[in-house]
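Beneath this line is the structure, given in structure tokens, with notes to follow.
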Amino acid sequence: MNHTNYILASKSPRRKHLLELANIQFEIITEDTVEDFPDDLEISKAPVFIAKNKANAVFMKNIDRTIIAADTVVVLENKIIGKPKDRKDAIEILSSLSGKAHEVITGVVVMNQQKTIEFSDKTSVSFHPLTQEQIVYYVDTFKPYDKAGAYAIQEWIGAVGIQSIQGCFYNVMGLPISKLIQILNS
């Protein structure tokens, strides 16, 4: 796969930052897609399903390029926690994560004319018990409305609220960059 011929099919500033950190040459091209999945699909497969829809939408107009698409979900007690709808929802989501462990699953699709590679990465994240004051401060200061699970591990809440992680830190940011680099290099 040609390293100068990549398209990131994502508007996420975190994914953009991680590809730049890895010194990958790319441009961002996105198409609006529905981020739904079939009700009978296993939760662990949902992020790959959504990422594949994103990749396909961009690939149709850029068939001579390699597309990188990703989607991240937060799973608590076998239920996907999406992006918060508003301030109240963000506070409720973080309150539900407080003092508990959850999983962050990112699905990634790399697609070009020769092949399509799909994979996912899972990281377990445990939060310390958070006070209502901490949760409100984070939501009002950082406005995590575009983030699955209503938080970003690289922000204040990660430094203060996260007790432990098992797995890839960057996966929680939205892209398991080390695993992606291994695939791009193979």
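The values are calculated or read from the model by the stated rules, or taken from the named source; none is laboratory data. What you see is a predicted model, and the numbers here were worked out from it, not measured in a lab. Positions of Cβ are generated from backbone atoms using ideal geometry, with glycine treated the same way; all protein chains shown enter the neighbour counts.
In segment 105-150, of all residues being on the phi > 0 side of the Ramachandran plot and not in a loop (DSSP other than H, G, I, E, B), the one that is farthest from the chain's Cα centre (by Cα) corresponds to Ala150. Within segment 156-174, being touching a Ser or Thr at 6+ places or on another chain (Cβ under 9 Å), within 21 Å of Ile93 (Cβ to Cβ) and surrounded by 14 or more Cβ atoms within 10 Å (Cβ to Cβ) holds for Trp156, Gly161, Ile162, Ile165, Gly167, Phe169, Asn171, Val172, Met173, Gly174. Residues in segment 38-66 that are among the β-branched types (Val, Ile, Thr), farther than 17 Å from Ile81 by Cβ and over 13 Å from the mean Cα position of the chain (by Cα): Val58, Ile63, Thr66. Looking only at segment 128-155, which residues are among the basic types (Lys, Arg) and surrounded by fewer than 22 Cβ atoms within 10 Å (Cβ to Cβ)? Lys143 - this is the single residue of segment 128-155 that is among the basic types (Lys, Arg) and surrounded by fewer than 22 Cβ atoms within 10 Å (Cβ to Cβ). Does at least one position in segment 55-72 carry a residue that is surrounded by fewer than 15 Cβ atoms within 10 Å (Cβ to Cβ), at pLDDT below 95 and of a type in the set (Val, Ile, Thr)? Yes.
Quick check, is Ala101 in contact with a helix residue (DSSP H, G or I) (Cβ under 6 Å, 6 or more places away or on another chain) and modelled with pLDDT of 95 or more? Considered against the rule, which asks whether it is in contact with a helix residue (DSSP H, G or I) (Cβ under 6 Å, 6 or more places away or on another chain) and modelled with pLDDT of 95 or more, Ala101 comes out as no. In segment 11-34, the residue that is nearest to Ile181 (Cα to Cα) out of those that are of a type in the set (Asp, Glu) and assigned to a loop (DSSP other than H, G, I, E, B) is Glu31.
Set side by side, the residues Phe49, Phe37 differ, and just one is hydrophobic (A, V, I, L, M, F, W, C), assigned to a helix (DSSP H, G or I), more than 15 Å from Lys147 (Cα to Cα) and free of Cβ contacts under 8 Å to residues at least 60 places away in the same chain, which is Phe49.
Do we find that Asn112 is in contact (Cβ under 8 Å) with a residue 24 or more places away in the chain, of a type in the set (S, T, N, Q) and either in contact with a Cys (Cβ under 8 Å, 6 or more places away or on another chain) or over 17 Å from Ala152 (Cβ atoms) (or both) in this structure? So Asn112 fits the description; yes.
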